[in-house]
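Peer 1: Here it is, the structure in full.
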Amino acid sequence: DDSEVENIMQDPHHHGGHGNHHHHGHEPHDASDREAEGEDRPHTPSYLRPPVAGMAQSDSGSDPSLSQSRSVEFDLSSLVSPSRPKSPWGLFDPYNNNEDQDKEYVGFATLPNQVHRKSVKKGFDFTLMVAGESGLGKSTLVNSLFLTDLYKDRKLLNAEERITQTVEITKHTVDIEEKGVKLKLTIVDTPGFGDAVNNTECWKSVADYIDQQFEQYFRDESGLNRKNIQDNRVHCCLYFISPFGHGLRPLDVEFMKALHEKVNIVPVLAKADTLTPSEVKKKKIKIREEIEQYGIKIYQFPDCDSDEDEDFKQQDLELKESIPFAVIGSNTVVEAKGKRVRGRLYPWGIVEVENSAHCDFVKLRNMLVRTHMQDLKDVTRETHYENYRAQCIQSMTRMVVKERNRNKLTRESGTDFPIPVVPGVTDETEKLIREKDEEVRHPDLFKLCLKSTHIMFSEADNE
Ligand code: GDP
């Protein structure tokens, strides 16, 4: 585009023809006028001609004494007139249509593009947890989902080792890139879950892990340097339900109930290829009923806006009815109908992971990646983390009040201003908090601090 514009400006024929025309009079040009003008200028592509309204404006604004080339420049700039801004970063240009030609714009319809550019530059991150008994195909499914081998150095334990094993939490991170968009994907696995002889409270270490990530974030967020906070909060937990049971097992109920306020739980029906289609259907209904009956709050897909189109609404409904997603995982590529696909080869046929007639794999992947990744992150931040934070602040305040009351008995001073104290923080933080507390108790000291800070700043200014 730029080179086109330059060419036109160096074209003497163009200058003359156009300039003359421009200074002819102060009558606004009409469409037929422009047609005629177009014939004068064979080198100007039609899309580069200024719109009628633009011409009228430039006519009234230009000084007839200006040189010809100057007037051409002015005309060309009216192509990208201030009333019709352009998105500076290509992509979808909100001003790039011919409606409302004569409307004045400020330009803030480019805001989404600005956000887009910034977030692409920064990259995205997503933390997915997989939980459920071992052997249900968790690692196979994760590899199938993200087309990577996330479990290269996994060590499987034998039966004896598993008896006493406690649930261990492992983290794998990969950086993947697709079409210039970078995603830092973290998979949190829970090997050993449900493996021991006694599995009561084996959800506890998983719950603790999630809380620890919240706590870390809370501390970082309340600290001094908030620029480079590592966010390890878990955005979604795929919970694997065995296809061999009759609906949910007690462990499943216990796990989901213990975690549903901490993380977005998405239940999946594992190894769906071991069930017939009608078994899958029945199991799904049973599991959905049980989820309801036990008051388990799994991740809720946000409601469709009423102005969405019918296709979208239908898709949304189908998604909600797919819970729990019946999934099949495979690490091998097989040949089916001449195509190479991820699948499982059986003596009686091939089951294809990405075939929606065989399972809900594609639906799950679309939900996780294409349609709901941002919502999962938003709900984590706005609901689960917010809950944690509120609880934290509440217990901190309670502690402070208790401390105050105890202090009041010994010395009759203090403020009513609650100073939060984080339970179980390091000695160093505690010392800092105590110091802050002292400052508030001694307003003079506090003022002195403020004053010295002020002096420091003004000195820096003078320099
Ligand atoms: P994890 O312990 O939950 O991570 O389970 P793995 O992914 O290691 O899988 C355990 C076994 O189940 C392996 O032999 C897999 O090949 C097999 N497997 C994984 N996914 C499926 C599936 O969808 N269907 C069937 N039938 N077997 C599967």
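The values are calculated or read from the model by the stated rules, or taken from the named source; none is laboratory data. Just so we're clear, the structure is a prediction, and the values are computed from it rather than from any experiment. Heads up, the Cβs are rebuilt from the backbone with ideal geometry, glycines too, and the neighbour counts pull from every protein chain shown. Side chains are part of the model used for accessible areas, which takes the heavy atoms of the whole protein and leaves out ligands, DNA and RNA. Shrake-Rupley method; radii C 1.70, N 1.55, O 1.52, S 1.80 Å.
Peer 1: Take the conditions away from the ligand (no atom under 16 Å from the Cβ), surrounded by fewer than 13 Cβ atoms within 10 Å (Cβ to Cβ), assigned to a loop (DSSP other than H, G, I, E, B) and charged (D, E, K, R) and apply them to residue 177. Does it pass?
Peer 2: no
Peer 1: Continuing with this model, one more query. For the stretch 277-323, name all the residues that are over 17 Å from residue 362 (Cβ atoms) and of a type in the set (S, T, N, Q).
Peer 2: Residues satisfying the conditions are 278, 293, 300, 306.
Peer 1: Any idea how many residues of the stretch 241-261 are touching a strand residue (DSSP E or B) at 6+ places or on another chain (Cβ under 9 Å) and either closer than 24 Å to residue 211 by Cβ or touching a residue at least 24 places away in the same chain (Cβ under 8 Å) (or both)?
Peer 2: Number satisfying all stated conditions: 9.
Peer 1: Would a scan of the stretch 394-412 turn up a residue that is part of a loop (DSSP other than H, G, I, E, B) and surrounded by fewer than 18 Cβ atoms within 10 Å (Cβ to Cβ)?
Peer 2: Checked against the condition, which is being part of a loop (DSSP other than H, G, I, E, B) and surrounded by fewer than 18 Cβ atoms within 10 Å (Cβ to Cβ), the stretch 394-412 yields at least one hit.
Peer 1: Might you let me know whether the stretch 236-254 holds any residue that is part of a helix (DSSP H, G or I) and open to solvent by less than 10 Å² (accessible area, probe 1.4 Å)?
Peer 2: Yes: one or more hits.
Peer 1: Can you name the condition, by its number, that residue 389 falls short on among (1) open to solvent by 70 Å² or more (accessible area, probe 1.4 Å); (2) modelled with pLDDT of 90 or more; (3) within 16 Å of the ligand (Cβ to nearest atom)?
Peer 2: All conditions are met except number (3).
Peer 1: Could you list all residues from the stretch 194-206 that are open to solvent by less than 40 Å² (accessible area, probe 1.4 Å) and closer than 14 Å to residue 253 by Cα?
Peer 2: Within the stretch 194-206, 194, 199, 202 qualify.
Peer 1: Collect the residues in the stretch 372-408 that are of a type in the set (S, T, N, Q) and either in contact (Cβ under 8 Å) with a residue 24 or more places away in the chain or over 15 Å from residue 214 (Cα atoms) (or both), keeping them in residue-number order.
Peer 2: Correct list: 374, 380, 387, 394, 395, 397, 405, 407.
Peer 1: Another question, then. Taking the stretch 198-226, which residues are over 22 Å from the mean Cα position of the chain (by Cα), over 27 Å from residue 132 (Cβ atoms) and either within 16 Å of the ligand (Cβ to nearest atom) or part of a loop (DSSP other than H, G, I, E, B) (or both)?
Peer 2: 223, 224, 225
Peer 1: Further question on the same structure: Residue 229: within 31 Å of the chain's Cα centre (by Cα), surrounded by fewer than 22 Cβ atoms within 10 Å (Cβ to Cβ) and outside any helix (DSSP H, G or I), yes or no?
Peer 2: When the stated conditions are applied, residue 229 passes them.
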